[in-house]
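The values are calculated or read from the model by the stated rules, or taken from the named source; none is laboratory data. All of these numbers come straight from a predicted model, not from anything done at the bench. Cβ atoms come from the backbone with ideal geometry, glycine included; neighbour counts cover every protein chain shown. Quick note on the areas: whole protein, heavy atoms, side chains included, nothing else; ligands and nucleic acids left out. Shrake-Rupley method; radii C 1.70, N 1.55, O 1.52, S 1.80 Å.
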Amino acid sequence: MTVLGVIPARGGSKGIPRKNLAPLAGRSLLAWTAEAVRGSSRLTRTIVSTEDEDIAAAARALGLEVPFLRPPSLAADDTPMVDVLRNAVETLRDAGGFDTDVVVLLQPTSPLRTSTHIDAAVGLLAESGADSVVSVVEVPHQFNPVSVMKLEDGRLVPYAEGRTVTRRQDKPRLYSRNGPAVLVVRASCLVGQGSLFGNDCRPFIMSERESIDIDTAWDLELAEWVLMRTWTSGEGRS
């Protein structure tokens, strides 16, 4: 099974300027994903998809492959990720004859994702026969729809219909995509159906700590605290 890792790293970002190169605990966000890629035994090949020359240079300095520059039209704020991944698959196929069975999305904004997570998610796809595997985190009980309220004419009313549930153990367990930190999808779904998930999507559950997704400066601070605490405790990364 040929597995292509794709690291999307466009130059634009509104929340954090040049976010993919933002420093975190002494290295860039892109460098953290490069480390995870180097440790993976499941990835056949990994490329960086970017339209930005500076990010391309930074990626190559990290030992990552940047075989082409993404068209600027696929680097806008509202560009669907499925289009970015299809562009990578089709460009590698048409330009160099590289065909892949599976695509793994690895966003630099998930610095706590490791090679162990990557390999386990790819393994789950292979073992289950699913169309895709996506990393998720359990939704904290206080954000469960049965706990959420909305404002109507200045008054709080339940967001969800039905009886009010107050005990945590009585609430349904729900999951949310955590970035995603890892998305593994069959190329046939991605290119043939234009879908990131297909009809059979399986969950790869990650902890709240591992699921930190960098969107704001506070997220960077939180991730740095977690990493420093991990090193101090001697837990390390895998």
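Could you list, in sequence order, the residues of the range 130-179 that are assigned to a strand (DSSP E or B), more than 30 Å from Leu190 (Cα to Cα) and charged (D, E, K, R)?
Within the range 130-179, Lys150, Glu152, Arg155 qualify.
Give the range 205-224 a look and list any residue that's exposed (fewer than 12 other Cβ atoms within 10 Å of the Cβ) and assigned to a helix (DSSP H, G or I), or say none.
Result: Ala217, Trp218, Glu221.
Please indicate, with yes or no, whether at least one residue in the range 127-139 is under 22 Å from Leu174 (Cβ atoms), touching a Cys at 6+ places or on another chain (Cβ under 8 Å), of a type outside the set (A, V, I, L, M) and modelled with pLDDT of 95 or more.
Looking through the range 127-139, at least one residue is under 22 Å from Leu174 (Cβ atoms), touching a Cys at 6+ places or on another chain (Cβ under 8 Å), of a type outside the set (A, V, I, L, M) and modelled with pLDDT of 95 or more.
Would you please list the contacts, defined by Cβ atoms under 6 Å and residues six or more apart or on different chains, that run from a residue in the range 33-44 that is within 17 Å of Ile214 (Cβ to Cβ) to a residue that is hydroxyl-bearing (Ser, Thr, Tyr)?
Matching pairs, first to second residue: Ala36/Thr114; Ala36/Ser115.
How many residues does the range 158-186 contain that are in contact with a Lys or Arg (Cβ under 6 Å, 6 or more places away or on another chain) and modelled with pLDDT under 95?
Residues in the range 158-186 being in contact with a Lys or Arg (Cβ under 6 Å, 6 or more places away or on another chain) and modelled with pLDDT under 95: 2 in total.
What residue, among those in the range 83-104 that are outside any helix (DSSP H, G or I) and modelled with pLDDT of 95 or more, is surrounded by the most Cβ atoms within 10 Å (Cβ to Cβ)?
By that ranking, first place goes to Val104.
Within the range 116-129, can you find the residues that are more than 17 Å from the chain's Cα centre (by Cα) and over 11 Å from Val184 (Cβ atoms)?
The answer is Glu127, Gly129.
I'd like to check something: does the range 195-204 contain any residue that is open to solvent by 70 Å² or more (accessible area, probe 1.4 Å), at pLDDT below 95 and closer than 30 Å to Leu24 by Cβ?
No, every residue in the range 195-204 fails to be open to solvent by 70 Å² or more (accessible area, probe 1.4 Å), at pLDDT below 95 and closer than 30 Å to Leu24 by Cβ.
Within the range 98-119, is there a residue that is more than 22 Å from Pro180 (Cα to Cα) and of a type outside the set (A, V, I, L, M)?
yes
Just to be sure I understand the filter: pairs with C-beta atoms under 7 Å, separated by 6 or more residues or on different chains, first member in the range 139-161 and under 22 Å from Ile205 (Cβ atoms), second member in a strand (DSSP E or B). Which pairs pass?
Cβ pairs passing all conditions: Val139/Tyr175; Val139/Ser176.
In the range 62-117, what residues are touching a residue at least 24 places away in the same chain (Cβ under 8 Å) and acidic (Asp, Glu)?
Listed by number, the residues that qualify are Asp77, Glu90, Asp99, Asp101.
Looking only at residues that are assigned to a strand (DSSP E or B) and not small (Gly, Ala, Ser) in the range 27-82, which one is most open to solvent (accessible area, probe 1.4 Å)?
Per the criteria, the residue is Arg27.
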